[in-house]
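These notes concern the structure reproduced below.
The values are calculated or read from the model by the stated rules, or taken from the named source; none is laboratory data. Model, not experiment: these values are computed from the prediction. In this analysis, Cβ positions are derived from the backbone assuming ideal geometry, glycine residues included, and neighbour counts consider all displayed protein chains.
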Amino acid sequence: MAYLRAIAVWLVIVFFESLHGTARRLLIEPYLGDHRSRQIAVFTGSLIIFTITFLFIRWIRAEGVRQLAGIGVLWVVMIVIFEIALGRLVLDFSWGRIAADYNLFEGGLMGIGLIFMACCPYLAARVRGLIR
């Protein structure tokens with residue numbers, strides 16, 4: 001049941017991250033450019049993801065650190081599939097453009113965001129005092 005609830009929370013995350021991406025393109029990108037605005041968005045997006053996770057972590061009712069870690073990994077797998085599908089099928093991005101977001105050597109910070117996302121269920125549960 002915790003995993004079904006986690007998927008529901010992931011849908012909330014995707015909704016707000018989609019709004020976040022739209023705001024980034026409209027408000028930040030014209031001033032800082034595409035690459036720099038995407039870098040900044042990793043940090044603001046991480047804050048959004050943590051906030052949503054913090055608000056919903058009790059409702060998810062994960063049973064222990066192992067399940068929290070599983071939820072984090074599930075979220076990462078689902079977001080990578082979502083990002084690739086959106087990039088390729090909707091936005092018509094090349095594989096190179098998608099990969100650049102994950103390439104730290106090219107300034108892509110998405111990998112850092114994914115690591116943080118994987119840790120968010122545990123961190124939120126810890127901050128909420130649900131685990132020690």
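The residue pairs whose first member lies in segment 83-104 and is under 15 Å from residue 35 (Cα atoms), whose second member is of a type in the set (Gly, Ala, Ser) and assigned to a loop (DSSP other than H, G, I, E, B), and whose beta carbons are closer than 7 Å, counting only pairs six or more residues apart or on different chains, are 100/108; 101/108; 102/108. The residue that is nearest to residue 99 (Cα to Cα), among those in segment 38-73 that are over 16 Å from the mean Cα position of the chain (by Cα) and surrounded by 14 or more Cβ atoms within 10 Å (Cβ to Cβ), is 67. Name every residue in segment 105-132 that is modelled with pLDDT under 95, farther than 22 Å from residue 37 by Cβ and small (Gly, Ala, Ser), in order of residue number. 129 - this is the single residue of segment 105-132 that is modelled with pLDDT under 95, farther than 22 Å from residue 37 by Cβ and small (Gly, Ala, Ser).
The number of residues in segment 25-51 that are out of contact with any Asp or Glu (no Cβ under 9 Å at 6 or more places or on another chain) and over 15 Å from residue 110 (Cα atoms) comes to 10. Screening residue 94 against (1) surrounded by fewer than 17 Cβ atoms within 10 Å (Cβ to Cβ); (2) within 13 Å of the chain's Cα centre (by Cα); (3) among the hydroxyl-bearing types (Ser, Thr, Tyr) leaves a single unmet condition, (2).
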